[in-house]
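K.L.:
The structure follows.
The values are calculated or read from the model by the stated rules, or taken from the named source; none is laboratory data. Remember, predicted model here, so these are calculated numbers, not experimental data. Counting neighbours? That spans all protein chains shown, and the Cβs are built from the backbone with ideal geometry, glycine included. In case anyone asks, the SASA skips ligands and DNA or RNA and just uses the protein heavy atoms, side chains included. Shrake-Rupley method; radii C 1.70, N 1.55, O 1.52, S 1.80 Å.
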Amino acid sequence: MPLLVTSAAGANGDGYGALLAFGDDGRPLGPFSDDSRIADPRGLTVLRAEGLLLLNSGSDRVLALDANGRVVRDSGPVEGLNPGGGNLGPDGRYYVGSRSARTVMAFSTALDAKPEHFLPPRVVPFPRGFAFGRDGRFFLASGIGPNLEGDDAILAFAAGSGQPSRLVTDPELSPLDLAIAPNGNIVVSSERPFGASDALTTVREYDAADGHLVRIFAPDGSSAFRRPRGLRFGPDRQLYCVARDEIVAFDFASGRCIGAVVRYQRLYGQALEFFPWS
């Protein structure tokens, strides 16, 4: 299935500041949309029930695009949103990390009302990826920000609670995106030390029950795997991670690195999604 990738710009990386499309064979197809409201795009999520793509724009807004790349919904500017990643919640709302407010906001997928705070403001020093677990708990990666402040943790919030418990203690972890694997465990892209040219870059799997490290997914030498960011499981149940200049795939069952399925200079990918378009 074709891939869509957000490519950063400005402080997030010297990329294209666009939503880019790639074919099944990894061939670049150019921008998926040329709408000017897409600026330094970040998180992506498919709203499958409606055939729409939700996109977090660096212009402090959330957009919904159809299969032709047309913007069909616009939250309008949300002051101070500074959005990061996004995921759908079990209640059908769209959850967005707010990097300035250091929390997570909840939007109606109709994008017709102001967002609500899902977690208290400044709940972590710098929110990264997040996802809802099978048992209703909310998992949030608390990472390092551009100012190199943060605490490198994975926190768990019980359903209906704004008070976290620290789930993961791993001295080699510097978390970025976070996803729930088919087996219910947590997978996290990591770059430690964050921003370092010689950083150790991995994807790490943790047991969702007690947070212990299950295994490490690492590049096999065929890919550079620099600045790993967004994670997604594909229709083939393989694990994909977008990074600088490439998208790298891993066989989740065996842990084997499949290699780069996309190579594209200055990609500076932030998030990726599998989205069939017209």
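K.L.:
Out of Arg226, Arg232, I need the residue that is out of contact with any Phe, Trp or Tyr (no Cβ under 9 Å at 6 or more places or on another chain) and either without any contact (Cβ under 8 Å) to a residue 24 or more places away in the chain or closer than 23 Å to Arg42 by Cβ (or both). Which one?
P.N.:
Criteria check complete, one pass: Arg226.
K.L.:
If you don't mind, there's one more thing I want to ask. Yes or no: Gly76 farther than 22 Å from Phe274 by Cα and more than 15 Å from the chain's Cα centre (by Cα)?
P.N.:
In short, yes.
K.L.:
Is it true that some residue in region 208-218 is part of a strand (DSSP E or B), in contact (Cβ under 8 Å) with a residue 60 or more places away in the chain and either in contact with a helix residue (DSSP H, G or I) (Cβ under 8 Å, 6 or more places away or on another chain) or not aromatic (Phe, Trp, Tyr) (or both)?
P.N.:
Checking region 208-218: not a single residue is part of a strand (DSSP E or B), in contact (Cβ under 8 Å) with a residue 60 or more places away in the chain and either in contact with a helix residue (DSSP H, G or I) (Cβ under 8 Å, 6 or more places away or on another chain) or not aromatic (Phe, Trp, Tyr) (or both).
K.L.:
Another one. Give me the residue from region 142-157 that is in a strand (DSSP E or B) and of a type in the set (A, V, I, L, M, F, W, C) and, out of that set, nearest to Pro125 (Cα to Cα).
P.N.:
The selected residue is Ile144.
K.L.:
Take the residues in region 226-240 that are over 19 Å from Gly143 (Cα atoms) and part of a loop (DSSP other than H, G, I, E, B), then tell me which one is most open to solvent (accessible area, probe 1.4 Å).
P.N.:
Arg237
K.L.:
I'd like the full set of residues that are open to solvent by 10 Å² or more (accessible area, probe 1.4 Å) and either of a type in the set (A, V, I, L, M) or on the phi < 0 side of the Ramachandran plot (or both), limited to region 241-256.
P.N.:
Arg244, Asp251, Phe252, Ala253, Ser254, Arg256
K.L.:
When residues of region 130-163 are filtered for being under 17 Å from Ala101 (Cα atoms), touching a strand residue (DSSP E or B) at 6+ places or on another chain (Cβ under 6 Å) and not aliphatic (A, V, I, L, M), how many remain?
P.N.:
The qualifying residues number 5.
K.L.:
Given the conditions (1) open to solvent by less than 70 Å² (accessible area, probe 1.4 Å); (2) part of a loop (DSSP other than H, G, I, E, B); (3) at pLDDT below 95; (4) more than 27 Å from Ala64 (Cβ to Cβ), report the number of the one that Gly136 does not fulfil.
P.N.:
(4)
K.L.:
Answer yes or no as to whether Pro121 is surrounded by fewer than 14 Cβ atoms within 10 Å (Cβ to Cβ), out of contact with any Lys or Arg (no Cβ under 8 Å at 6 or more places or on another chain), not in a strand (DSSP E or B) and not hydrophobic (A, V, I, L, M, F, W, C).
P.N.:
No, not satisfied.
K.L.:
Now a separate question. I need the full set of residues from region 159-184 which are part of a loop (DSSP other than H, G, I, E, B), charged (D, E, K, R) and open to solvent by 40 Å² or more (accessible area, probe 1.4 Å), in order please.
P.N.:
The answer is Glu172, and nothing else.
K.L.:
Please go through region 249-278 and give me each residue that is over 29 Å from Leu52 (Cβ atoms) and either assigned to a loop (DSSP other than H, G, I, E, B) or at pLDDT below 95 (or both), ordered by number.
P.N.:
Answer for region 249-278, where residues must be over 29 Å from Leu52 (Cβ atoms) and either assigned to a loop (DSSP other than H, G, I, E, B) or at pLDDT below 95 (or both): Asp251, Ala253, Ser254, Gly255, Arg256, Gln265.
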